[in-house]
1. Subtracting the Cα-Cα distance from 0.36 nm times the residue separation, let me have the gained length for GLN274 to PHE116 in nm, one decimal.
2. Among all helices in the chain defined by DSSP H, which have a length of 20 Å or more along the axis from Cα atoms plus a Kyte-Doolittle mean of at least 1.0?
3. Residues in segment 13-51, backbone N under 17 Å from the label point at LYS59 (7 Å along the Cα-to-beta-carbon vector): list them, ranges by number please.
4. Mean residue ellipticity at 222 nm from the helices of the chain, using -39,500 (n - 2.57) per DSSP H segment of n ≥ 4 over the full residue count, to the nearest 500 deg cm²/dmol?
5. Which value, in debye to the nearest 20, describes the size of the charge dipole of segment 79-271 about its Cα centre when Lys and Arg Cβ atoms bear +1, Asp and Glu Cβ atoms bear -1, and nothing else is charged?
6. Pick the calculated volume of the Cα convex hull per residue in Å³ for this structure from [x] 181; [y] 127; [z] 250?
7. Work out from phi, with θ = phi - 60° and the Karplus expression 6.51 cos²θ - 1.76 cosθ + 1.60, the ³J(HN,Hα) of each residue of segment 155-160, listed in order in whole Hz, and give x for Gly and Pro.
8. Which of these, ILE34, ILE229, ILE23, has the largest mean-square fluctuation under a Gaussian network model of the chain (Cα springs below 10 Å)?
Amino acid sequence: MSKKKVTLKDNLRAMKFLSPSLISMIILTVFPIICTVIIAFTNYNIKTLNKGFGFVGLKNFKDVLFGPLKEVFLPVFGWTIVSATIITLGGFIVGLIYALVLSNKNMKESAIYKGFLVVPWALPAAIITISFTGLLNSQYGAINEILMNLHIISEPIMWLTEAGPARLAVLLISIWLGFPYMMNVCIGALSAIPETYYEAASIDGASTLQKFFKITLPSLANTAFPLLIGSWSFNFGSFTAAFLLFGGGPVRPDSPFAGYTDVLGSAAYKMTTQFGRFDLGAALSIILFFIVGTIAFFQMRASGQFKGE
């Protein structure tokens, strides 16, 4: 059967249907990216907005990486990597544990539990995060009350004002928000593993742990690893919990630009919206893009995800 030749008229007809999506992508994605790249190489900020701005080359990048902002960038960068890694692995481990439990065929009411466990994923993350502000209050917060009534702590934890508890709260809340997604991914992947694998392992005398490490985890790897990389990249740039709960605080004594819970994304956002340093915010955004892209590329390459190409 001969293939029909695609004509210019066919392409123009297709463009009519694609044009709404293409126009939206150009306005909402391509144009902002171009503007960000241009601003990163200028001195465009709140002070030069009316006077006029000019091209400054790599000065903004030098200020962030090697200049006055270096003392802020490096700790924030380190915390960003640590928090993204803990949140991603924590969400995956919790989701996998629930998936293993709910995949038990003897649990008849598993569908009910699944419905309750997806609540953090179904509700808007911003509303849930803001609600934790009251729960974490050191004076009347329910979390401190519960911990004190259970005699786990003897005095209230200063969740909102101390760096250590604030970071712990960001991690726990982010894991709680993210584990339902990982749970659903793992449930789908577990259902695709043939039962004959486990039956053959049982005949060979394999224990439950041996089945888990020799069958379950390797079978999950092909499905879960690309999603873990995507989730890590998302968590690296996301600052919902840190910004809505603490505004990036508690405040660092050595810098107004970033607090103890700030990540690179929230630091760039605050630098732009609160301090009017559009030039530095744009430069930080580009640095963030290259960091995430580079790490994701090497992670994908190390996991063998490109071998099928």
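Values quoted throughout were computed directly from the atomic coordinates according to the rules given, and no laboratory measurement underlies them. Just so we're clear, the structure is a prediction, and the values are computed from it rather than from any experiment. Cβ sites come from the backbone with ideal geometry, for glycine too, and all protein chains shown count toward neighbours.
1. Values: separation 158, 0.36 × 158 = 56.88 nm, distance 3.86 nm.
The span from GLN274 to PHE116 would gain 53.0 nm if fully extended.
2. Values: long enough: 8-25 (23 Å, 0.27); 70-102 (47 Å, 1.78); 163-191 (42 Å, 1.41); 217-237 (29 Å, 0.80); 278-302 (36 Å, 1.72).
Span-like helices here: 70-102, 163-191, 278-302.
3. 38-51
4. Numbers: 15 runs with 204 residues, N = 309.
Taken over the chain, the calculation gives -21000 deg cm²/dmol.
5. Working: 8 positive and 9 negative charges, 54 e Å.
My answer is approximately 260 debye.
6. So the calculated entry is the one marked [z].
7. After applying 6.51 cos²θ - 1.76 cosθ + 1.60, I find 9, x, 8, 7, 4, 8 Hz.
8. ILE23
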